[in-house]
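The values are calculated or read from the model by the stated rules, or taken from the named source; none is laboratory data. Remember, it's a predicted structure, so these values are computed and weren't measured experimentally. So basically every Cβ, Gly included, is an ideal-geometry build from the backbone, and we count neighbours across all protein chains shown. The accessibility values were calculated without ligands, DNA or RNA, using every heavy atom of the protein model including side chains. Shrake-Rupley method; radii C 1.70, N 1.55, O 1.52, S 1.80 Å.
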Amino acid sequence: MHAHGSFHFALYEAARSAWLLRLIRPAWDSCERYRPVLLAKGALQDRHEELDVELLEACTAHDSGRAATALHDHLELATDIYAVELAGRSIFAF
């Protein structure tokens, strides 16, 4: 989980936007308890890893359109994973 967070924050920091970092940090921290679901094993999680690679490649290529699409797809997939994994469970479940 630490490496995954470091990866995403390296991308956020590369944007050189203090506003983005101020915006994303509280959202990131508030989702911490659910993040292991994203990094578990399974088809959806495998797709999550593929999208991380796509996001990195798009950023490295300075392709903002491709990066935006990859980030959008990444966030949509995270929503799908959470919906599947947390269906019917209380947000307070341990």
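Kirkwood analysis of the chain, using all unique Cα-Cα pairs, places the hydrodynamic radius at 14.2 Å. Remark: the Cα gyration tensor places the range 1-41 in the oblate category, a/c being 1.5 or greater and a/b not exceeding b/c.
From most to least packed by mean Cβ count within 10 Å, the peptides 5-15, 67-77 give 67-77, 5-15. Please compute the net charge surrounding His74, taking Lys and Arg as +1 and Asp and Glu as -1 over other residues with Cβ under 10 Å from its Cβ. Within the 10 Å Cβ shell, the charges total -4. To put it simply, the accessible area of the chain at a 1.4 Å probe is 62 percent carbon and sulfur. Solvent-accessible surface of the chain, averaged per residue with a 1.4 angstrom probe and all protein chains in place: 69 square angstrom. Per-residue ellipticity at 222 nm computed for the chain from its helices equals -24500 deg cm²/dmol, with DSSP H segments shorter than 4 residues left out and the rest contributing -39,500 (n - 2.57). Quick one: net charge around Tyr12, please, counting Lys, Arg +1 and Asp, Glu -1 for every other residue with C-beta under 12 Å from its C-beta. Net of charged neighbours comes to +2.
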